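**Student:** To start, I am sharing the structure in question, which I have written as structure tokens.
The values are calculated or read from the model by the stated rules, or taken from the named source; none is laboratory data. As the structure is a computational prediction, the values presented were derived from the model and not from experiment. Heads up, the Cβs are rebuilt from the backbone with ideal geometry, glycines too, and the neighbour counts pull from every protein chain shown.
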Amino acid sequence: MDKFTTLEPVKLYSNTFLGRNSTQKSPAAPQLVGRLPADLHLLLISHLPVPDLPAYSRCCRATAKFVREDKVWEPRWKALGIDKDPSLKRVLDLLERKNQEKVASTRAAAPPIIPVDDDFGEFTTADVFATPAPEEMGDFVGAFNNAQLVPASPAPFAKSPAVETFKTKYTRVHSLLKPLTKVLDLAPHLVLSELAAQIQPTLYEEAKTLRLLSFFLSPVIQPLRQWETLFLSLRSAMDRFDSTLLAAFDTADSKGDEEGMREAAESSWEVWDNSGGDWEMGKVWAEKREIFYQEGRWKPLDNFTAESQLDFAAMDEFMENILHAIHEDGARAVRVFPPASQVLILFSERLANEVVGEYVTQLLSRAREISNETYLVSVAASFRESWKMVDAIMEVAKQRKDSLVDRNKAEDVVYQMFEANMDEYLDEEVESVKRALDTICSGWNQEASSTSPTQANDSSTRRYLSSTENPAVLKRNVLASFTNVLLLPVTIVPRTVNAVGGALMTGGNAAVQGISMLNPQRWAGSGNLGPADTKYSRNLDKDRGTLFELDDDEDEDDYQPRARNASEKNSVSLSQLEITSPTPLMNASSATPMQSAASDAGPGTHQLDLLLSLDVALELIHADRESLKRVETFAGYPGHYGHRVRDTIEEIFVLMLQALGEGHVVRGFAQATERMRAYKPAEHSDTGRVAPLVQFFELVHIGDTIQSIMQVYFDKELAPHIDKTDFMNVVVREKKRFENALDDSVAAGLNAGTEVLMNQVEHIILTYTKPREYYPPEDAPLELGPTRGCTEAIQCLENHCKLLKGSTSKEVLEVFYQEIGLRLIGILQKHIKRQIISLSGGFQVIADLNAYNAFITSLKIPSIIADFSHLKMLGHVYVVEDAKDLAQIVKDVARYGGAYRPEDVYEFIQRRSDWKKIEKTVDKTMYNLSFKEDCMIC
């Protein structure tokens with residue numbers, strides 16, 4: 001039984017409660033060495049100088065282990081920068097080779113040593129001729145400076161080489177660089193000569209050695225106790241070496257020796273203290289360029305002609321010299337100087353600020369004295385000319401693949417040079433746009449208010465509402481022409497040479513005058529364009545040019561604009577852009593609704609169709625686009641001014657929308673609505689047309705075209721600069737407000753127009769309805785056609801409904817039709833209640849109601865179609881002879897779909913001519929009573 005042991009109890013389940021361990025493991029206590037944790041020991045060691053590490057490691061085995069940790073030596077190794085710069089590794093290899101050669105020569109001069117294979121054989125490998133360092137015990141690694149561990153005899157089992165650690169790599173560097181620090185104790189003028197004697201390198205290798213020593217004597221490494229003093233001596237030696245290199249560079253530069261210049265420049269870059277300031281060698285080289293001392297050679301005022309007009313031919317010549325300097329001196333800078341020094345950018349910045357900047361400043365000062373417009377054009381043109389430097393810099397930088405010059409740095413050269421002018425320019429651009437837009441709107445208002453009735457009724461005025469052309473097709477013409485114009489670039493740099501449209505073709509970009517050159521025929525003309533010719537022109541008759549043609553048999557669905565010659569028939573010419581023509585690009589027509597309406601318009605409405613003008617809209621857009629294109633020149637600006645440029649672009653467009661909306665469109669519609677309300681049909685001879693309403697329809701077409709033009713302008717010019725889906729954007733909100741204001745103006749005008757139209761319809765019905773129209777003599781022949789009043793009224797309604805079709809949205813058109821139907825029902829009900837209708841006249845009533853119903857059905861509005869069908873059925877009460885049957889019809893509540901109550905129908909049958917005869921029978925049948933029998937007077 002002694003073989004058996006007692007079984008211990010085993011836990012079948014883990015000791016948990018509610019899924020959690022009842023006993024929580026306490027966090028591991030930090031490893032302490034003495035009274036300090038291990039992490040704190042490592043932190044202290046990382047900040048200790050290297051000579052103090054041996055004393056720290058002798059405290060105990062734990063501290064000795066800490067000193068051997070790679071965490072201690074890693075920051076010291078990385079501070080040397082050898083991994084980042086392979087050339088420093090080559091310097092170490094050179095030092096190691098020199099050291100090995102020195103040791104080999106020393107051993108060759110020593111007596112031979114007989115190897116003895118005994119217990120003390122390993123000690124015979126020590127070099128007895130080596131002089132021990134005085135600080136051997138204090139510097140931790142100094143004892144191995146001059147010792148070579150060479151085995152006396154090959155070991156029978158050689159160990160594989162140990163893995164290289166940060167400690168071993170640093171130890172190698174320390175042992176190689178420490179002997180060089182002894183030279184730094186000498187006099188300053190002897191340091192460089194002694195260092196060169198020990199290394200015997202080239203200038204570049206000597207510069208690399210000095211740089212490696214500067215890394216070695218750094219506060220991160222602290223290799224020696226006197227490292228601070230040694231570093232100051234080293235820095236002084238490096239400055240003296242840099243001065244020597246500068247003299248060597250100047251000598252090579254005078255000889256044109258680029259190889260010598262490159263060696264001196266690369267060496268100087270290695271010893272340069274980049275803690276602050278510019279590199280002296282690159283700065284001195286840039287200062288000596290001849291381009292900086294030729295300021296008197298160029299005259300900025302030569303960019304102005306004797307008439308104070310801009311001509312940038314002088315600046316073209318100036319920029320050619322600047323670009324030549326970049327291509328010549330900048331190319332040499334790329335070939336000679338190290339890529340990291342960025343001497344090309346330094347030279348370009350100085351060239352931009354001191355030469356180009358001064359030239360531009362004088363030019364803009366003179367432009368400001370001439371006029372504000374000249375100043376704005378000069379700013380954009382000067383920036384565009386200066387921008388040529390960017391392409392030149394990038395072209396030069398491509399000569400070296402590792403030039404480290406990207407396009408952003410090249411662009412910053414011009415951007416920083418021009419920043420001094422940006423605040424004033426952007427403010428002046430906004431103010432200039434405000435003044436230009438206000439001038440255009442106020443000028444139009446004055447001309448519109450002073451237009452005489454003769455001018456308004458002139459048959460040569462081109463209208464949308466032509467009897468031979470569809471307004472939608474004409475709008476397509478206008479929009480197609482406008483879209484093509486927007487694709488043309490705007491002149492930024494002014495020229496005074498014979499070129500296409502007065503613009504010079506430079507750099508593959510044709511600079512033309514945008515909307516001011518709306519007539520393509522004008523481009524073929526010779527001669528120069530002065531400032532007056534570059535404006536928007538509304539009178540191009542002298543050019544006799546055409547943009548597109550409309551064929552007589554051309555259908556709207558397959559319409560395509562085509563360019564034509566001026567001599568072809570039915571051509572639509574942009575030379576018809578006149579202030580008196582609110583709708584340019586229109587053909588003359590001998591018989592149009594607009595001309596008939598204008599000829600009958602009274603003195604208060606003769607200008608109704610001239611309250612809006614496409615010319616004014618195009619002028620506003622042209623003024624806005626000129627400014628917008630100038631500001632777009634600076635669209636690539638980074639940082640603060642980039643935000644300001646984008647805000648200015650948005651503000652310019654918002655100003656145009658406000659001027660076009662509140663200053664022109666809304667104002668014109670408000671005046672039109674007010675004048676329509678004052679129209680009285682009885683004062684006009686032509687009852688078939690409502691002159692102010694026809695003219696208002698013309699305004700609706702113009703307003704719709706203006707909105708379409710604005711939408712095209714927004715999509716082509718502004719959409720690239722904003723997010724169209726951002727409903728909080730100021731441009732999107734202002735555009736929506738403009739559209740809403742236009743819709744509200746059209747709706748208010750249509751409401752007033754509907755009232756005027758229905759007053760005209762009522763006037764027609766009253767005028768053309770004869771006294772006995774519905775009570776003809778018994779011997780009169782029966783005519784089943786509609787009466788003249790009905791025919792004229794329907795003709796008037798049809799004419800005006802067709803005019804509005806195609807100019808507004810479907811929703812607005814339906815509301816307009818519905819309003820006409822509802823008001824027409826009221827007019828017809830009043831009209832019937834004023835008549836005395838006989839049985840034969842009842843058939844005439846039914847004929848008129850059928851005609852009205854057919855007209856309403858053509859409008860395709862279901863709600864009013866049902867109302868008119870009920871009104872048509874109501875006409876049957878006038879052709880029923882039997883009074884009892886008539887009473888049953890009146891009592892039938894469901895007969896008219898609830899549109900008419902029995903009381904309403906009772907009012908209509910009272911207009912029968914035989915009402916006195918059938919009244920008793922109808923009342924008795926309807927109410928089952930007779931007034932004589934059932935009622936008595938008390």
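**Student:** Can you tell me how many residues in the range 305-331 are in contact with a Leu (Cβ under 8 Å, 6 or more places away or on another chain) and under 20 Å from ARG384 (Cβ atoms)? Please lay out each step first, then the result.
**Tutor:** Of the residues in the range 305-331, the ones in contact with a Leu (Cβ under 8 Å, 6 or more places away or on another chain) are 315, 322, 325-326, 330.
Retained after the next criterion (residues that are under 20 Å from ARG384 (Cβ atoms)): 315, 322, 325-326.
The qualifying residues number 4.
**Student:** Could you run through the range 728-743 and say how many residues are in contact (Cβ under 8 Å) with a residue 24 or more places away in the chain, surrounded by fewer than 21 Cβ atoms within 10 Å (Cβ to Cβ) and more than 18 Å from ILE649 (Cα to Cα)?
**Tutor:** Qualifying residue count for the region: 4.
**Student:** Report yes if ASP250 is out of contact with any Ser or Thr (no Cβ under 9 Å at 6 or more places or on another chain), in a helix (DSSP H, G or I), assigned by TED's automatic domain parsing to the domain that holds PHE318 and not hydrophobic (A, V, I, L, M, F, W, C), otherwise no.
**Tutor:** No, not satisfied.
**Student:** Next question. Is it fair to say CYS801 is at pLDDT 90 or above and out of contact with any Gly (no Cβ under 8 Å at 6 or more places or on another chain)? Show your work before the answer.
**Tutor:** On the way: at pLDDT 90 or above: no; out of contact with any Gly (no Cβ under 8 Å at 6 or more places or on another chain): yes.
So CYS801 does not fit the description; no.
**Student:** So which of ILE856, ILE846 is at pLDDT 90 or above, within 23 Å of LEU766 (Cα to Cα), under 59 Å from the mean Cα position of the chain (by Cα) and not acidic (Asp, Glu)? Break it down into steps so the answer makes sense when it comes.
**Tutor:** Details: ILE846 fails: under 59 Å from the mean Cα position of the chain (by Cα).
From the options ILE856, ILE846, the qualifying one is ILE856.
**Student:** Do you know which residues across the range 263-284 are surrounded by 19 or more Cβ atoms within 10 Å (Cβ to Cβ) and either farther than 30 Å from GLU205 by Cβ or free of Cβ contacts under 8 Å to residues at least 60 places away in the same chain (or both)?
**Tutor:** Residues satisfying the conditions are TRP272, MET281.
**Student:** Here's a follow-up. Condition check: farther than 18 Å from LEU186 by Cβ, of a type outside the set (Val, Ile, Thr) and assigned to a helix (DSSP H, G or I). Does ALA237 satisfy that? Break it down into steps so the answer makes sense when it comes.
**Tutor:** On the way: farther than 18 Å from LEU186 by Cβ: no; of a type outside the set (Val, Ile, Thr): yes; assigned to a helix (DSSP H, G or I): yes.
Against the criterion (farther than 18 Å from LEU186 by Cβ, of a type outside the set (Val, Ile, Thr) and assigned to a helix (DSSP H, G or I)), ALA237 does not qualify.
**Student:** Return the residues of the range 202-223 that are touching a helix residue (DSSP H, G or I) at 6+ places or on another chain (Cβ under 7 Å), not β-branched (Val, Ile, Thr) and not in a helix (DSSP H, G or I); say none if nothing qualifies. Write out each step before concluding.
**Tutor:** Step one: of the range 202-223, the residues touching a helix residue (DSSP H, G or I) at 6+ places or on another chain (Cβ under 7 Å) are 203-218, 220-223.
Now restrict to residues that are not β-branched (Val, Ile, Thr): 203-208, 210-218, 222-223.
Within the range 202-223, LEU217, SER218, GLN222, PRO223 meet the criteria.
**Student:** Looking at (1) over 22 Å from the mean Cα position of the chain (by Cα); (2) buried (at least 17 other Cβ atoms within 10 Å of the Cβ), which is the only condition TYR415 fails?
**Tutor:** For TYR415, the exception is condition (1).
**Student:** Can you give me the number of residues within the range 828-842 that are in a helix (DSSP H, G or I) and either among the basic types (Lys, Arg) or surrounded by fewer than 17 Cβ atoms within 10 Å (Cβ to Cβ) (or both)?
**Tutor:** Step one: list which residues in the range 828-842 are in a helix (DSSP H, G or I), which gives 828-833, 839-842.
Filter again for either among the basic types (Lys, Arg) or surrounded by fewer than 17 Cβ atoms within 10 Å (Cβ to Cβ) (or both), leaving 829-830, 833, 839.
The number of residues fulfilling the criteria is 4.
Conditions tested, residue by residue: (1) among the hydroxyl-bearing types (Ser, Thr, Tyr); (2) in a loop (DSSP other than H, G, I, E, B); (3) assigned by TED's automatic domain parsing to the domain that holds LEU474; (4) out of contact with any Pro (no Cβ under 8 Å at 6 or more places or on another chain).
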{"residue": "LEU784", "(1), (2), (3), (4)": "no, yes, no, yes"}
{"residue": "GLU792", "(1), (2), (3), (4)": "no, no, no, yes"}
{"residue": "LEU803", "(1), (2), (3), (4)": "no, no, no, no"}
{"residue": "VAL812", "(1), (2), (3), (4)": "no, no, no, yes"}
{"residue": "GLU819", "(1), (2), (3), (4)": "no, no, no, yes"}
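**Student:** Select from the range 908-925 the residues that are of a type in the set (Lys, Arg), without any contact (Cβ under 8 Å) to a residue 60 or more places away in the chain and within 18 Å of ILE837 (Cβ to Cβ) and list them in ascending order. Outline the logic, then answer.
**Tutor:** Narrowing the range 908-925 to residues of a type in the set (Lys, Arg): 911-912, 916-917, 920, 924.
From what's left, without any contact (Cβ under 8 Å) to a residue 60 or more places away in the chain: 916-917, 920, 924.
LYS916, LYS917, listed by residue number.
**Student:** So ILE827 fits all but one of (1) more than 21 Å from HIS870 (Cβ to Cβ); (2) at pLDDT 90 or above; (3) of a type in the set (A, V, I, L, M, F, W, C); what number is the exception?
**Tutor:** Here ILE827 meets the rest and fails (1).
**Student:** Take LEU437 and tell me if it is of a type in the set (A, V, I, L, M, F, W, C) and at positive phi. I'd like the intermediate steps shown before the answer.
**Tutor:** Values: of a type in the set (A, V, I, L, M, F, W, C): yes; at positive phi: no.
It is false that LEU437 is of a type in the set (A, V, I, L, M, F, W, C) and at positive phi.
**Student:** Related question: Given the residues GLU783, GLU798, GLU762, which is the only one that is acidic (Asp, Glu), within 23 Å of LEU871 (Cβ to Cβ) and surrounded by 16 or more Cβ atoms within 10 Å (Cβ to Cβ)? Outline the logic, then answer.
**Tutor:** Working: GLU783 fails: surrounded by 16 or more Cβ atoms within 10 Å (Cβ to Cβ); GLU798 fails: surrounded by 16 or more Cβ atoms within 10 Å (Cβ to Cβ).
Of the residues listed, the single one that is acidic (Asp, Glu), within 23 Å of LEU871 (Cβ to Cβ) and surrounded by 16 or more Cβ atoms within 10 Å (Cβ to Cβ) is GLU762.
**Student:** How many of the residues making up the range 617-629 are crowded, with 24+ Cβ neighbours inside 10 Å and within 15 Å of the chain's Cα centre (by Cα)?
**Tutor:** 1
**Student:** With surrounded by 12 or more Cβ atoms within 10 Å (Cβ to Cβ), assigned by TED's automatic domain parsing to the domain that holds GLN818, farther than 22 Å from GLU773 by Cβ and at pLDDT below 85 as the only criterion, which of VAL893, VAL922 stands out? Walk me through it before giving the result.
**Tutor:** Values: VAL922 fails: at pLDDT below 85.
The conditions single out VAL893.
**Student:** Please specify each residue of the range 674-693 satisfying the condition of being modelled with pLDDT under 75 and in a helix (DSSP H, G or I). Walk me through how you get there before you give the answer.
**Tutor:** The initial filter retains those residues of the range 674-693 that are modelled with pLDDT under 75, namely 682-691.
ALA682, GLU683, ALA691 - these are the residues of the range 674-693 that are modelled with pLDDT under 75 and in a helix (DSSP H, G or I).
**Student:** Looking at (1) touching a Pro at 6+ places or on another chain (Cβ under 8 Å); (2) surrounded by fewer than 20 Cβ atoms within 10 Å (Cβ to Cβ), find the lone condition where ASP848 falls short.
**Tutor:** It is condition (2) that ASP848 fails.
**Student:** Given the range 319-393, what helices (runs of 4 or more DSSP H) lie entirely inside it while holding 2 or more residues that are in contact with a helix residue (DSSP H, G or I) (Cβ under 6 Å, 6 or more places away or on another chain), of a type outside the set (Ser, Thr, Tyr) and over 15 Å from VAL493 (Cβ atoms)? Full working, then the answer.
**Tutor:** Values: elements: 331-336, 343-351, 357-370, 372-386.
Qualifying helices (runs of 4 or more DSSP H): 331-336, 343-351, 357-370.
**Student:** Something else: Out of (1) outside any helix (DSSP H, G or I); (2) under 21 Å from ARG211 (Cβ atoms); (3) not hydrophobic (A, V, I, L, M, F, W, C), the odd one out for SER268 is which?
**Tutor:** Condition (1) is where SER268 drops out.
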